[in-house]
Amino acid sequence: MNDICRFFHIRYPIIQGGMGNISNAQLTSAVSEAGGLGTIGVGTMTPDEVENILMETRQRTNRPFSVNIPIQVTPYIEEMLSLVFKHKIPVVSLSAGNPAPIIPMLKERGVKVIVVTASVRQAQKAEAAGADVLVAEGYEAAGINSHLELTTMTLIPQIARAVRVPVIAAGGIGDGKGLLAALALGAKGVQLGTRLIATKDAPFHEDYKQLVIKAGENETVIVGRTVGRVRRIMRTAYAEKLLDYEKSGVTLEEFNRYTSEDYHRRGALSGDFVEGFVNAGQISGFIQDIPTVQELFDQMMSEAKQQWNELREMFLEQ
């Protein structure tokens, strides 16, 4: 069994990325029930909203799941930590900020800590601060990204070489071949986000799912470069509007308002792509079907094993 599977008490080395304010118990529990590590992203939600999701998730599954806390995004860090302790959440992932002050509080309570990183330096600092596992996220990934814009394939081997704790690959992964590639580069598992959008268990608007599976290879776009808030979203009417705002000199405050979770929810939950946006990674151009999460995970593992056997035979023939 993979080290990550043993550590998190899961079947497959697959974890769910934090999805901010569109996080929900249905998809999270489906990921955990399918053998992965489901995740509730707290985004900017209130403590009451998050607690309701946590309780519903507990009702849907007795398997482990985690909570993602984006440090510079949520105004309720202390309250979220209290909820983690109250509901005995076994794993917390920290992103979008300095995790060093928070990690000791989690470790004292026996909580396993994942830190999302985007560079070797960030990874080394997170390891030194006590992180148990690192997610190395390439800029192919959906949503808020690092301004460094390093690709997953270049980032994973560098971080895996620089740290001793296990590394999880994120960004541009959506099938068994991607899983095997990540393992070959030194990762111990993968984190999925966009691929989970296009599943039957995801309670998002059908138009969002169709947008993902019909996307070509160049239908995501980076917004926010001009204000230092890099974010990858699907190219839609609203995305074009955001790019126009940037050309006209939008301020950081204005950009944050235009990309608030209200606009994200309009796109993801209401299918409004004129007055709302949707996060999407570059893997969108590869996704062509909408399976259940269980079907997806089983297929990924089967495909990874098949590809490994084919590669092994090829090398044995040399």
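The values are calculated or read from the model by the stated rules, or taken from the named source; none is laboratory data. As the structure is a computational prediction, the values presented were derived from the model and not from experiment. Glycine also receives a Cβ, built like all others from the backbone with ideal geometry; neighbour counts cover every protein chain displayed.
A few notes on this one:
- Some residue of the stretch 130-137 being buried (at least 19 other Cβ atoms within 10 Å of the Cβ), among the small types (Gly, Ala, Ser) and part of a strand (DSSP E or B): yes
- For the stretch 144-161, the set of residues classified as in contact with a helix residue (DSSP H, G or I) (Cβ under 7 Å, 6 or more places away or on another chain) and over 23 Å from Leu106 (Cβ atoms) consists of Ile156, Gln158, listed by residue number.
- Filter result for Val163 (under 21 Å from Gly20 (Cα atoms), touching a residue at least 12 places away in the same chain (Cβ under 8 Å) and hydrophobic (A, V, I, L, M, F, W, C)): no
- Val116 meets all of the listed conditions (1) outside any strand (DSSP E or B); (2) out of contact with any helix residue (DSSP H, G or I) (no Cβ under 7 Å at 6 or more places or on another chain) but one, namely (1).
- Here Gln318 fulfils each of the conditions (1) within 26 Å of Thr28 (Cβ to Cβ); (2) modelled with pLDDT under 90 apart from (1).
- Taking the stretch 41-82 as the range and being part of a helix (DSSP H, G or I), surrounded by fewer than 16 Cβ atoms within 10 Å (Cβ to Cβ) and of a type in the set (S, T, N, Q) as the test, the residues that pass are Asn52, Gln59, Ser82.
- Residue ranges of strands (runs of 3 or more DSSP E) in the stretch 182-249 with at least 1 members farther than 18 Å from Arg265 by Cα: 189-192, 220-223
This table checks each residue for (1) among the hydrophobic types (A, V, I, L, M, F, W, C); (2) touching a Gly at 6+ places or on another chain (Cβ under 8 Å).
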{"site": "Val212", "(1), (2)": "yes, no"}
{"site": "Leu269", "(1), (2)": "yes, no"}
{"site": "Asp289", "(1), (2)": "no, no"}
{"site": "Phe297", "(1), (2)": "yes, yes"}
{"site": "Met300", "(1), (2)": "yes, yes"}
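- Extreme residue, surrounded by the most Cβ atoms within 10 Å (Cβ to Cβ), among residues of the stretch 257-274 that are in contact with a helix residue (DSSP H, G or I) (Cβ under 8 Å, 6 or more places away or on another chain) and among the small types (Gly, Ala, Ser): Gly267
- Residues in the stretch 219-228 that are surrounded by fewer than 21 Cβ atoms within 10 Å (Cβ to Cβ) and under 22 Å from Ala169 (Cα atoms): Val221, Ile222.
- Subset of the stretch 287-308 [surrounded by fewer than 18 Cβ atoms within 10 Å (Cβ to Cβ) and farther than 20 Å from Thr28 by Cα]: Gln288, Ser302, Glu303, Lys305, Gln306, Gln307, Trp308
- Qualifying residue in the stretch 232-239 (condition: in contact with a strand residue (DSSP E or B) (Cβ under 8 Å, 6 or more places away or on another chain), outside the structural domain of Val278 (by TED's automatic domain parsing) and surrounded by 20 or more Cβ atoms within 10 Å (Cβ to Cβ)): no
- For the stretch 118-129, a residue qualifies if it is modelled with pLDDT of 95 or more and buried (at least 21 other Cβ atoms within 10 Å of the Cβ), and the qualifying residues are Ala123, Ala126.
- The residue pairs whose first member lies in the stretch 186-209 and is farther than 15 Å from Asp175 by Cβ, whose second member is among the polar types (S, T, N, Q) and part of a loop (DSSP other than H, G, I, E, B), and whose beta carbons are closer than 7 Å, counting only pairs six or more residues apart or on different chains, are Lys188/Asn2; Lys200/Thr292; Asp201/Thr292; Pro203/Asn24.
- When each of Asn218, Asn145 is tested for being touching a Lys or Arg at 6+ places or on another chain (Cβ under 7 Å) and polar (S, T, N, Q), the lone residue that passes is Asn145.
- Restricting attention to the stretch 18-40, the residues that are surrounded by 22 or more Cβ atoms within 10 Å (Cβ to Cβ) and at pLDDT 95 or above add up to 12.
Here is a yes/no grid of residues against (1) at pLDDT below 95; (2) touching a helix residue (DSSP H, G or I) at 6+ places or on another chain (Cβ under 8 Å):
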| residue | (1), (2) |
| --- | --- |
| Lys188 | no, yes |
| Leu192 | no, no |
| Thr199 | no, yes |
| Ala202 | no, yes |
| Glu217 | yes, yes |
| Thr220 | yes, yes |
| Val223 | yes, yes |
| Thr226 | yes, yes |
| Val230 | yes, no |
